[in-house]
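Just so it is clear, none of the values below were taken in a lab; they were calculated from the coordinates. Quick caveat, the model's predicted, so the values are computed rather than measured. Positions of Cβ are generated from backbone atoms using ideal geometry, with glycine treated the same way; all protein chains shown enter the neighbour counts.
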Amino acid sequence: MAAPMNRRNWLKSSALLAGSLTAFAGPLTPLLARPSRAIKNRLEEESVNYATDEAINLAASPQLKAKLNSNENPFGPSEKAKKAVMEALDMSYQYPHVYIRELVGKIAEYEGVKPENILMGAGSSPLLLASAMHYSKNGGDIISGDPTYASLPRDAQEFKANWVKVLLTADHKLDLDAMEKKVDSKTALMYICNPNNPTGTIVDTAKLKAFCERVSKKVSVFIDEAYIDYLPNPKEASLIDCVKKGQHVIVARTFSKLYGFAGLWVGYLVGQPKVLKELNKYTTAGGSISATSAKAALAAYQDQSFLQDALQKTLASKAFLYDVLKKEGYEYIPSSSNFVMFPLKMDGQRFVEEMMKRSVGVRQWKFAGQDWCRVSIGRMDEMQAFADAFRQVS
């Protein structure tokens, strides 16, 4: 039976079929007809905002001076992780179950939970998809901020769920009060990305914990902490404490960001054992993690020396970017992550195309009646390349 053509596949196909265009943004906004202006604007906004990293990267030029469109960590993985990859090769003819069990034990010990509170995956993406499938099986609403990381609610929408989007506050943070008011008998899941992507903002930890304590009594709360390691004290800011208190909270973590594992694919969920058992029905869990990735994760997990070095380099590059934007007369949203969003003074698609012509890849967004650019934080040479191109375009 042929797979249905959902929005993700449509965007991906659009990007791949548009090889004659000079930039990745252009292929992501084709319209199949000429609907009304309001519908046309909404479709254009969705095709830009909800484009997958896969579609973006496949459509972008492979030769870039600065690849600043996917929120990757250009300083990793660590030397310990690289060494572990090489050491794992000799035994990679065996299934890596022992490595994965050891990794689960290591994570559980550090976080103060039991191994049964952890569900592994090849990155967090398949775990978000599993959650989308499970919580959409009976229909209902998936509540999230808008804009936010769209993977889980978008996939849930492709099944039976209705995506309820709640606008951010005036300072571009998740509006927890407004989101809580949307909870009713139709709500299937509350999705919170914190720090939020694409805005890079974070909500107050105490307020979020109180929110989860209240809301999780009515509906499960999914906390996506992909960027938590960029905070000064990740453990203190994490919502894993809510899981330890027995609340119906699921926390997603990934090695793809500060650990530099975007190409190695290791992630996990922390939640109540009964819930994770249900989610496991929709994923191969740790069985999808390779021996090399599992060994690398074992070596890298909580390698504070490397993590702090990568964090300090990220902060230095981010400070450089802030300075560039200020000097060019641009405002920006202060970021708690490895990317920065700022409002553009020109059409977003045109801006991305002009930057691409100068071998710099960035992302565009459209919300609140404004075109925005999201710049991932790169090495200092990449940030300099961005600065040079930006001065010419802005």
So what is the relative contact order for segment 79-300, in percent, with contacts set as C-alpha pairs under 8 Å and at least six apart?
31
Separation of segment 169-194 and segment 69-113 by C-alpha centroid, Å?
34
Measure up Lys327/Lys357; Lys165/Lys318; Lys65/Lys257; Lys106/Lys209; Lys65/Lys295 against 27 Å on the Cα-Cα distance and list the ones that go over.
Lys165/Lys318; Lys65/Lys295
Could you give each residue of segment 147-156 its phi-based ³J(HN,Hα) in whole Hz, using Karplus coefficients 6.51, -1.76, 1.60 with θ = phi - 60°, and x for Gly or Pro?
x, 7, 5, 9, 3, 5, x, 5, 5, 4
Quick one: work out the % antiparallel among DSSP beta bridges in segment 79-300, nearest 5.
30
Can you list residues from other chains, or at least 5 along the same chain, whose modelled amide H is less than 5 Å from the amide H of Asn69?
Ser376
Cα gyration tensor, segment 229-300 - rounded (a/c under 1.5), prolate or oblate:
oblate
Relative contact order computed over segment 168-207 (Cα-Cα under 8 Å; 6+ residues apart), in percent
43
Is the C-alpha gyration tensor of segment 79-300 telling us rounded, prolate or oblate? Criteria: a/c under 1.5 is rounded; beyond that, a/b larger than b/c is prolate, otherwise oblate.
prolate
Multiply the residue gap between Asp184 and Ser288 by 0.36 nm, knock off their C-alpha separation, and tell me the result in nm, one decimal place.
33.8 nm
Can you bin segment 168-323 into rounded, prolate or oblate? Criterion: square roots of the alpha carbon gyration tensor eigenvalues sorted a ≥ b ≥ c, rounded for a/c under 1.5, prolate for a/b above b/c, oblate for the rest.
oblate
Please go through segment 92-154 and write out the chymotrypsin sites (Phe, Trp or Tyr not before Pro) that DSSP classes as loop and that have at most 16 other C-beta atoms within 10 Å.
Tyr93
For segment 203-228 and segment 341-366, compute the distance between their C-alpha centroids and round to whole Å.
33
Tell me the net charge near Asp229. Cut-off is 14 Å between Cβ atoms, Asp229 excluded, with +1 for each Lys or Arg and -1 for each Asp or Glu.
-3
